[in-house]
Amino acid sequence: MNDLFEYWQLLLLPLFFGLGWIAARVDIRQVVQESSALPRSYFQGLNFLLNEQPDKAIDSFLEVAKVDSQTVELHFALGNLFRRRGETERAIRMHQSLIERDDLDEHVRLHALLELGQDYLKAGLLDRAEEMFNKLVASSHAEEAKRNLLEIYQVEKEWLKAIEIARELPDVASHREIAEYYCELAAAEIMRSRSEEAQAYLEQAMQHNRKCVRASLLQGDLLLQAGQAEEAIEAWQRIEQQDPAYLALVAQRLLEAYRRLERRDEGMALLRGYLERYASLDLLDVVYQLVLESEGNEAAYRMVRDELQRNPTLLGLEKLMSARLPLAAPEIQPDVELAKSIVAGYTRRLSRYRCDNCGFKARQFYWRCPACGGWETYPPRRSEEFDQSL
């Protein structure tokens, strides 16, 4: 029985070999046929790519796209390449030529509309980009279209539209960001002296984010504008429970409110207490100026020296030298002035705010980073403080 089984195995071996040879021949013929069907420009383009000649490769692939009207994926690839290279006009033409074709499948046409909208967005043609994305909000590309619309509305400061879209994208826009949109609306109403509308927007902001520091800050501004200094102080003091790091942003406001109430000493005591509990270079600057005006150079010098002992910083050292200079003996004043100027040269680079998200630095504080578009990504502290906390 075993001998018979081995005999049949030997007979089957040539059969399997023959079938494999036939299959290989068929595959080879198919590859050859497909290769011969490709235009010569396609192979030229590949050769240019291998030789790191991208511009010539693009020209060759464009020729392929002209010869073969079915090369949809090649159209998309070239359009995306043009957009990445900043050649938005060529990208727009490439995607428009696809949309204008009568034989295009519906899903491919929708994809082309999405790509064209991104071309317009990259080119800064926001109205045209908005038109393209609005055509896609009921399609399979709805989420991506809405993401782009949200970005457009933020750039154009169309905050009500941004809120409407953001509510449909809970995974993209958080309650914190929606609160910021309401704060933008409130800030605009405060500028127009429309207090009731501003207050309504601030209440909406607080409903979305009870810890919205900016809403408390703006509410204080609104109350002070109405002559309610006591209530404004209460609004700003809420920031200590929301996020005490932001107290530096309202230090000058608090001082102004206490001055209006003729309770300057109480305001100074409050700010000095904040400085002791929540060390901040911006707070130090406000308190230093306040002590300098009210108590003179000697008191300002002692205050800065004590603060430096607790939190040594170059920006604090510059303040110390500024306070020390008028108190120094005439013969050493030039040396103190020289040391102060040297330190000041370093502190100019350290006295900037820095975005936690992208690292962009700016001399002024932003609620939304002008580089990456992140909300509340700027900690209210200078670069030197940021580096010390790492």
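Relative to the compact-globule scaling 2.2 N^0.38 Å, provide the ratio for the alpha-carbon radius of gyration of the stretch 236-387.
Rounded to two decimals, the normalised Rg is 1.12.
Quick check on my link table: of LYS135/LYS161; LYS319/LYS361; LYS135/LYS211, which ones sit more than 27 Å apart, alpha carbon to alpha carbon?
Table pairs above 27 Å Cα-Cα are LYS135/LYS211.
Can you sort GLU293, GLU164 from fewest to most other Cβ atoms within 10 Å of each residue's own Cβ?
GLU293, GLU164
What value does the stretch 82-121 have for Rg/Rh, both radii from Cα atoms and Rh as Kirkwood defines it?
Answer for the stretch 82-121: 0.99.
If you add up the charges near GLY374, with Lys and Arg at +1 and Asp and Glu at -1, over every other residue whose beta carbon is less than 13 angstrom from its beta carbon, what do you get?
-2
How many angstrom separate the Cα center of the stretch 269-292 from the Cα center of the stretch 237-264?
11
Dipole magnitude of the stretch 260-351 about its Cα centre, charges +1 at Lys/Arg Cβ and -1 at Asp/Glu Cβ only, in debye to the nearest 20?
300
What distance in nm separates the simple spin-label points at GLU131 and SER193, each placed 7 Å from Cα in the Cβ direction?
Each label point is offset 7 Å from its Cα along the Cβ direction, giving 4.1 nm.
With each label point set 7 Å from Cα along the Cα-Cβ vector, what nm distance links GLU293 and ARG305?
2.5
Just the projected area, averaged over all directions, of the convex hull on the alpha carbon atoms of the stretch 62-220: how many nm²?
That works out to 11.0 nm², a quarter of the Cα hull's surface.
Order these peptides, 203-212, 356-365, by their mean beta-carbon neighbour count within 10 angstrom, highest first.
Highest-to-lowest ranking by the protection proxy: 203-212, 356-365.
Please work out how much length the chain gains when fully extended from ILE342 to GLU234, using 0.36 nm per residue of separation minus the C-alpha to C-alpha distance, in nm with one decimal.
34.7 nm
Can you give the extra length, in nm with one decimal, that the chain gains between GLU100 and ILE332 once fully stretched, where that is 0.36 nm per residue apart less the Cα-Cα distance?
The span from GLU100 to ILE332 would gain 75.5 nm if fully extended.
Using a basic spin-label model with each label point 7 Å from the Cα along Cα→Cβ, how many nm lie between VAL172 and ARG147?
My value for the distance between the label points is 0.7 nm.
Fewest to most neighbouring Cβ within 10 Å: what's the order for TRP375, TRP236?
Ordered by Cβ neighbours within 10 Å, fewest first: TRP375, TRP236.
Just so you know, all these numbers are worked out from the coordinates, no wet-lab data involved. Since we're looking at a predicted model, the values are computed, not measured. Quick reminder, even Gly has a Cβ in these numbers, built from the backbone with ideal geometry, and neighbours come from all protein chains shown.
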